[in-house]
Protein chains: 2
Amino acid sequence: MTALAEAVLAGNRRALSRLLTHIENENPIAAEAVAALFPHTGQAHRIGITGAPGTGKSTLVAALAAGYRQRGQTVAVLAVDPTSPFTGGAVLGDRIRMGALAGDKGVFVRSVATRGNLGGITRSTRQLMHVLDAAGYDRVIVETVGAGQSEVEVVDMAHTTVVVEAPGLGDSVQAIKAGILEIADVLVINKADLPGAVQTRRALQQMLELGHPTKTMTSGHHGPLMQSQTPAPTDTELWLPPLLETVSPQSQGIDELIDALDRHREYLQTSGLGQQHQQQVAADDFFDVLKETLFAEFLSHLPSDTLAQTLTDIQARKISPKEAVDHVLHEYQAQQ
Amino acid sequence: MTALAEAVLAGNRRALSRLLTHIENENPIAAEAVAALFPHTGQAHRIGITGAPGTGKSTLVAALAAGYRQRGQTVAVLAVDPTSPFTGGAVLGDRIRMGALAGDKGVFVRSVATRGNLGGITRSTRQLMHVLDAAGYDRVIVETVGAGQSEVEVVDMAHTTVVVEAPGLGDSVQAIKAGILEIADVLVINKADLPGAVQTRRALQQMLELGHPTKTMTSGHHGPLMQSQTPAPTDTELWLPPLLETVSPQSQGIDELIDALDRHREYLQTSGLGQQHQQQVAADDFFDVLKETLFAEFLSHLPSDTLAQTLTDIQARKISPKEAVDHVLHEYQAQQ
């Protein structure tokens, strides 16, 4: 056990921050600590919250965190902000919006600037969640700006996914496409005091009715690997996503939202789907690390002039990327 | 040269469709044809168009395609639709919205349902663009729903990136965060006849002024690999993203948009940034294929009971993903 991992387990917030930074920077120090913390994961309820820009997700997350605190639960928030891919500028904004909870040691907020490539973000978010889980937070909330595939991947790591909508977001048919609904375990109409809330509710209700009863956790976002290992739940076990309304600044509807999240967690446990989710997370974790390790190892053996020449040849269209890969792999194997 | 690749080069649309489907399905037939077509790529102007749901991107793309056709240019459109991650349902909608151009052989439209993992989507979109380029279309437009990291990656494959905004999209501060502006080569306020257009223009103008003059193609979305190989452009070569207004259904502003896109293409050629972009694309292509090939090859050598046991151990938290990877790699190397 590394000193850093021990400090995180002991509840040292500064150590926790430092470890998260190491993970984001892909500092080798992180890998060891994450591995040491891994046996301590699996306690937190991991909640993904997603929705289009303008739905008020951030305020909703702040209200939700406050609600959990009132019930005595500790909360960690990861704000994944892909609208700021090149600047780490999200941190300040988060501090401001979580202001009321700033002095509370039962709340931990972290922004993840999504610099770098996407595989990297998914991988590091996965590790950040493991660490916050191991650090003992009862609820780990991941907030993402919605509807993109990246969000779907982050949401895959969550036990329960909340999709946030709001009235009057332009072309509502586009904003609430079926795809994003398919990943919702709980649907929230935030800013429910705005004009248009009734229409938004009606539209969502219709889409929900169209979309069910086929919706189950197995229906979409889990890989084929797991589908054969655990039987699909029977009809009586189907989860129908509740449609809730909130007005976050007044904490209106937050209690009902927390109740729904708790009910979904219970459902996961009793239906066996939670177990299945764990299997999928384990597989994703393993494959992610394996892919990166194989790649890094191979690159470290590839002479830099070979690499440079290969890239030049591809750019000049003398050789296709696939041919180039076949070529370097063949050369490598011949040398072994 | 495969028969399929030959048919694509000869302008056979049905063959083109079939090849695109093979790529999406990761059918091995595709790899050979893509490799054969690779020397024929590099002619098209690749244009990425992104923006939040509700900005009217689809209608803008249809108007843009019609505008190009009037100038005698052929156009291929790839609509990457991550709001529909689990359904292939986007195809119909595209056919409908491109209706006016449906009989025109100079236009080719293809929807990419973003089923599957993200690396896969980026990789296959990359190949789809290569194929449309090789098929001889003068302009290859990739339309993505905006602001996520996945879109940024797709946009990286484009020479010129258009960010689309629209008035009245809820919380405009969120919708037009700095991150998405950083990737814009051309900024469009679509639906410019709606109330609020003046405010949107003012807000964007301010953000542009804040953001520049540091904005260049090298500032963000290109990897460190290339930054050392090509010198940054001098100050006189800076590109300042124009801010245009369009009303797509009336094709208002489309001519100006096409002019701006042409100017940007010229800028890329004269400044040397286009060359730099080609280098980056070559590297991304190579690394993508390399990563997947290494992974697939290793998995094919991993006994399935070892894999199953490893995943079970990770799930039971007996071993961390990193330790598991180290373990299977070590075992594999011992056997060699």
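When you look at residue A:20, is it more than 14 Å from chain B (Cβ to nearest Cβ), closer than 16 Å to residue A:111 by Cβ and touching a Lys or Arg at 6+ places or on another chain (Cβ under 8 Å), yes or no?
So residue A:20 passes the test.
Suppose we keep only residues that are β-branched (Val, Ile, Thr), more than 16 Å from the chain's Cα centre (by Cα) and at pLDDT 90 or above within the stretch A:153-197. Which one would you say is farthest from residue A:61 (Cα to Cα)?
Here the answer is A:189.
Under 30 Å from residue B:162 (Cα atoms) and surrounded by fewer than 17 Cβ atoms within 10 Å (Cβ to Cβ): does that describe residue B:259?
Yes, satisfied.
Please count how many residues of the stretch A:288-331 are of a type in the set (A, V, I, L, M, F, W, C), without any contact (Cβ under 8 Å) to a residue 40 or more places away in the chain and within 7 Å of another protein chain (Cβ to nearest Cβ).
Of the residues in the stretch A:288-331, 9 are of a type in the set (A, V, I, L, M, F, W, C), without any contact (Cβ under 8 Å) to a residue 40 or more places away in the chain and within 7 Å of another protein chain (Cβ to nearest Cβ).
How many residues does the stretch A:23-57 contain that are hydroxyl-bearing (Ser, Thr, Tyr) and either assigned to a helix (DSSP H, G or I) or out of contact with any strand residue (DSSP E or B) (no Cβ under 9 Å at 6 or more places or on another chain) (or both)?
Of the residues in the stretch A:23-57, 1 are hydroxyl-bearing (Ser, Thr, Tyr) and either assigned to a helix (DSSP H, G or I) or out of contact with any strand residue (DSSP E or B) (no Cβ under 9 Å at 6 or more places or on another chain) (or both).
Count, please, the residues in the stretch A:23-42 that happen to be in contact with a Ser or Thr (Cβ under 7 Å, 6 or more places away or on another chain), surrounded by 19 or more Cβ atoms within 10 Å (Cβ to Cβ), closer than 17 Å to residue A:286 by Cα and not aliphatic (A, V, I, L, M).
Qualifying residue count for the region: 1.
Identify, from the list B:78, B:60, B:20, B:16, the residue that is part of a helix (DSSP H, G or I), in the same structural domain as residue B:257 (by TED's automatic domain parsing) and crowded, with 20+ Cβ neighbours inside 10 Å.
That would be B:60, the only listed residue that is part of a helix (DSSP H, G or I), in the same structural domain as residue B:257 (by TED's automatic domain parsing) and crowded, with 20+ Cβ neighbours inside 10 Å.
The values are calculated or read from the model by the stated rules, or taken from the named source; none is laboratory data. Not measured: the values here are computed from a predicted model. Don't worry about glycine lacking a Cβ; one is built from the backbone with ideal geometry, like all the others, and counts go over all protein chains shown.
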